[in-house]
Amino acid sequence: MLIAIRGIVAAGTLKRAEGEAVKLVLLISAATVAVGAGNLLLSAGARVSGAQQDPVASWSLAFYLRPRLILGFLLYIISFLLYLQVLARADITRVYPIMVGGAFIIVFAGARLWLGERVTSWGVLGAILIGCGVTLCSRW
């Protein structure tokens, strides 16, 4: 992800001071981490207390007031606000692939490490290819 972000800066998309470039890198990174972590928290919160077995329980107010769901939702809002700041400073064709690809890799790794989901070698290869694609998209 950082290689792709540096590609944006090096490609001349930003014609501002170095401080502005650093600010953009921080905004992109923060937005990407927030959306990835938000997805992981939403997934973890939605799986708690057997909602899969009782579809009615997943529509109750108590279901939506779980701390992980609330925190995941708040991170989504924060990521959206950060994303708007990113769009004000750089081309969407360069930042969107970085953010989506970066968030995918965060979710992919977090699902395995934190949620205990099964990861196949094909999934790992796919994540590597996504990382390569993000790097290519940010450099054209």
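Please report the spacing between the Cα centers of the stretch 81-98 and the stretch 122-138 in Å, no decimals.
Each part's Cα centre sits 19 Å from the other's.
Within the P(r) computed for the stretch 83-140, what percentage of the Cα pairs occupies the region above 13 Å?
Values: 1039 of 1653 pairs.
Summing the P(r) of the stretch 83-140 above 13 Å gives 63 percent of all pairs.
With θ taken as phi - 60° and the coefficients 6.51, -1.76 and 1.60, list the Karplus ³J(HN,Hα) couplings across the stretch 39-48 in order, rounded to whole Hz; mark glycine and proline as x.
4, 5, 5, 4, 5, 5, x, 6, 8, 6
Amide H of Glu117 versus every other amide H placed in the peptide plane: which residues, excluding those fewer than 5 positions away on the same chain, fall under 5 Å?
Arg112
FYI, it's all coordinate maths here, none of it is from the lab. The structure presented is a predicted model; accordingly, all values stated were derived computationally and were not measured.
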